[in-house]
Amino acid sequence: FPFNYFNELIPFGILVVPVFCTAFSTLSTPSISVEGKTLWILKSLPIKPYEIFKAKLNLHAYYCLVPSLIFVMLLGILCKESPLSILAMVIGIIAWTYLTAYFGLFIGTIRANLV
């Protein structure tokens, strides 16, 4: 039973942990619902709505992306993965984090608590 086949699955295994942690950290979803009752305050500010949503996305990215990137890079180096494999894992975690941030923002705006 050769173990060489499992060496190709190591980057996937490294990427699974931060993907699950990021998927359960939905910081952008409740941030819209919390502001539902005070939405008129946000509308009265001289700020574009895009800037408010961008700030919520950046908050999600900072709290989820930074630890995930550190985890992926350190574990990739410890497992002696190739730089191309580490780069692919970094790109994958960045894409996944922003996908969950945008999806959370989408769900938060659809189901906002405006009462």
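The values are calculated or read from the model by the stated rules, or taken from the named source; none is laboratory data. Not measured: the values here are computed from a predicted model. Here Cβ is always computed from backbone atoms with ideal geometry, including for glycine, and neighbour counts include all displayed protein chains. Heads up: the accessible areas ignore ligands, DNA and RNA and are worked out on the full protein's heavy atoms, side chains in. Shrake-Rupley method; radii C 1.70, N 1.55, O 1.52, S 1.80 Å.
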Counting only residues that are closer than 15 Å to Ser25 by Cβ, open to solvent by less than 30 Å² (accessible area, probe 1.4 Å) and among the β-branched types (Val, Ile, Thr), how many does segment 71-115 have?
-> 3
Taking segment 48-70, which residues are open to solvent by 80 Å² or more (accessible area, probe 1.4 Å) and over 14 Å from the mean Cα position of the chain (by Cα)?
-> Lys48, Pro49, Tyr50, Glu51
